[in-house]
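Everything below concerns the one structure shown next.
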Amino acid sequence: MEGGISIRILILLLLLVMVRWMRCWLCIHSSSVFCLLFSVFSFCLGCLFLFSRFGNFVTPTKSRYVSPIHQFTSSHTSTPRILRMSSPPPPPTSSTGPTILTFLHSLSKFHPHTSPLPLLQQLQNIYTHNQPTQKQHTQLQPHINTLLQQTPTNLLHNFTHTLSRRIIIQRALTAEKEAKQILTENVDVQYTFFEDIQHNTHNEKYPHAKALALITTLKYTEKTFDAAGTAPTMKQYTKAYSNALLSLFAQKLPPKVYEQTLRKMPKFIARLKDPKMLHDFLTTTYDSSSVQPKIQLLALNSLFILITQHNL
């Protein structure tokens, strides 16, 4: 702006010098009438130059406030600063909001006789890509439970979430064959099963006897984890499996359940993190006078395995 003012002042001075020189030349070579007319013409031209928009370095203009951020952005672009208008930032929007609303709208139109697979896919997208907050998850949970309770077992595993895994476990505890098969073939469902057993150690309503009968039938190898390719690891699985068994052995269960478990113990005792942790349970069972003799013999047999094979 200051450079423009200097150039205009210089042009004005040159114009005044030219007018002065022409006036002198007319006074010498022409009459005084022409000299007077030229002087009036020159005066009008100078006034027009000074007070017109062409001479806006004199005319007052409205000041425009430009924020420092706006100056920085405008100085790094080719757009003139006076033409660059800063627009307010868009209001923050929740990335999960529209998706959750879409799911709830679809759920309101869901009929038990229709396939729940599209709704399960929407749920999977919500939890995979959008990561709902704890508050949103709490709001969704009753709706998800309602949907999952009406979903056939063979479709439940399409929604890889703890809620669906727990429903599979509940159905497996009620001796549903399809749920048992899913539990047997999927390590992540088994791991959730072990965690639930530990969390319900002091819950009298939890079916500990059915859980013990079910957990002793589970089989796994290192190939199982290689095929899964996801958490838990072999080490985490073994630790959770061992803790779940100890939690079940601490319960007061019917003698028939203990007998069935002790008969299967030689098959799964090697899968424990530390087989020696069964020492207290087996010793207490063997020394108890309220236990049937055949159960005592089974406990003694397991103690013999610990002594001979695991250096007890």
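The values are calculated or read from the model by the stated rules, or taken from the named source; none is laboratory data. Every value quoted in this text rests on a predicted model; they were computed, and no experiment measured them. So basically every Cβ, Gly included, is an ideal-geometry build from the backbone, and we count neighbours across all protein chains shown.
State which residue pairs qualify: first residue more than 16 Å from Leu119 (Cβ to Cβ) and inside region 151-170, second residue outside any helix (DSSP H, G or I) and not acidic (Asp, Glu) in any location, beta carbons under 8 Å apart, and separation of 6 or more residues or different chains.
Ile168/His157
Within region 171-184, take every residue that is of a type in the set (Val, Ile, Thr) and assigned to a helix (DSSP H, G or I) and give me the one that is nearest to Pro118 (Cα to Cα).
Ile182
Which ones in region 127-159 are part of a helix (DSSP H, G or I), β-branched (Val, Ile, Thr) and more than 28 Å from Lys177 (Cβ to Cβ)?
Result: Thr128, Thr138.
Which one is nearest to Leu298 (Cα to Cα) among residues in region 241-280 that are modelled with pLDDT of 85 or more and of a type in the set (Phe, Trp, Tyr)?
Out of the qualifying residues, it is Tyr258.
Which ones in region 263-282 are assigned to a helix (DSSP H, G or I) and closer than 23 Å to His202 by Cα? Full working, then the answer.
We begin by selecting, within region 263-282, every residue assigned to a helix (DSSP H, G or I); these are 263-271, 275-282.
If the condition is that a residue be assigned to a helix (DSSP H, G or I) and closer than 23 Å to His202 by Cα, then Met277, Leu278, His279, Asp280, Phe281, Leu282 are the ones that fit.
So which pairs qualify, if the first residue must be in region 297-309 and without any contact (Cβ under 8 Å) to a residue 24 or more places away in the chain and part of a helix (DSSP H, G or I), the second must be surrounded by 15 or more Cβ atoms within 10 Å (Cβ to Cβ) and aromatic (Phe, Trp, Tyr), the Cβ gap must be under 9 Å, and the two must be at least 6 apart or on different chains?
Leu297/Tyr286; Leu300/Tyr286
Do you know which of the residues in region 284-296 that are modelled with pLDDT of 85 or more and surrounded by 14 or more Cβ atoms within 10 Å (Cβ to Cβ) is nearest to Thr238 (Cα to Cα)? Steps first, please.
Residues of region 284-296 that are modelled with pLDDT of 85 or more, as a first pass: 284-287, 292-296.
Applying the additional criterion that residues be surrounded by 14 or more Cβ atoms within 10 Å (Cβ to Cβ) yields 285-286, 295-296.
Values: Thr285: 24, Tyr286: 26, Ile295: 26, Gln296: 27 Å.
Ranking the qualifying residues of region 284-296, first place goes to Thr285.
May I ask you to verify whether Ile169 is surrounded by 15 or more Cβ atoms within 10 Å (Cβ to Cβ), out of contact with any Asp or Glu (no Cβ under 7 Å at 6 or more places or on another chain) and hydrophobic (A, V, I, L, M, F, W, C)? I'd like the intermediate steps shown before the answer.
Details: surrounded by 15 or more Cβ atoms within 10 Å (Cβ to Cβ): yes; out of contact with any Asp or Glu (no Cβ under 7 Å at 6 or more places or on another chain): no; hydrophobic (A, V, I, L, M, F, W, C): yes.
So Ile169 fails the test.
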